[in-house]
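The values are calculated or read from the model by the stated rules, or taken from the named source; none is laboratory data. All figures in this text were calculated on a predicted structure; none of them were measured in a lab. Cβ coordinates were reconstructed from backbone atoms using ideal geometry, including for glycine residues, and neighbour counts include every protein chain displayed. Ligands, DNA and RNA are excluded from the accessible area calculation, which covers all protein heavy atoms including side chains. Shrake-Rupley method; radii C 1.70, N 1.55, O 1.52, S 1.80 Å.
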Amino acid sequence: MDLQQMDFKNKTFLIAEIGSNHNNDLQLTLRLIDEVANAGFDSVKFQLYDAKQAFSASVSTADVGLQDVYGERPWWTVARDEIVMSRDWFKICFDHARENGLIPFSTVHRPEDLNFLVDELGSEILKIASIDLCYYQLLERVVQVDRPLLVS
């Protein structure tokens, strides 16, 4: 399925958010994609961000109440090592989603994310998070790309 084949007048476009619900396990991620396809969704969305840039270096696991789970350490390192999906998995997951008839996409937080999603992965859809609605330099670049855009 691709966007050109969608009948948006008579059908709701269903997006499954996998986000970081894969416990940093590629096989689990691929199984989640299979389940999304089996459940009749049209699309699957993944999280794409750089943990070191997204989280303050001064925030620790204690600050977010998770020191008992992850030990006492900077929160961004937990996100990087145990939560955020590896960029190396994106092509595998996008390909697997497409093989299952799904349209894969992700939120764009940085210009390099835009290049990665469009140029390397051929993403048919882009999403802007509400936190980035004032990131004008990114928005200027995103609107120049000929892709449907979801905005939170």
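Listed here are the residues, each with its yes/no results for (1) touching a helix residue (DSSP H, G or I) at 6+ places or on another chain (Cβ under 6 Å); (2) within 18 Å of Pro148 (Cβ to Cβ).
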{"residue": "Gly65", "(1), (2)": "no, no"}
{"residue": "Trp75", "(1), (2)": "no, no"}
{"residue": "Glu82", "(1), (2)": "no, no"}
{"residue": "Trp89", "(1), (2)": "yes, no"}
{"residue": "Leu102", "(1), (2)": "yes, yes"}
{"residue": "Pro111", "(1), (2)": "yes, no"}
Does segment 88-96 contain at least one residue that is among the hydrophobic types (A, V, I, L, M, F, W, C) and at pLDDT below 95? yes
Can you name the strands (runs of 3 or more DSSP E) wholly within segment 36-152 that have at least 3 residues being touching a strand residue (DSSP E or B) at 6+ places or on another chain (Cβ under 6 Å) and open to solvent by less than 40 Å² (accessible area, probe 1.4 Å)? 43-46, 103-106, 126-128
List, please: which pairs have Cβ atoms under 9 Å, are six or more places apart or on different chains, and start with a residue in segment 127-152 that is without any contact (Cβ under 8 Å) to a residue 12 or more places away in the chain and end with one that is in a helix (DSSP H, G or I)? Leu139/Asp132
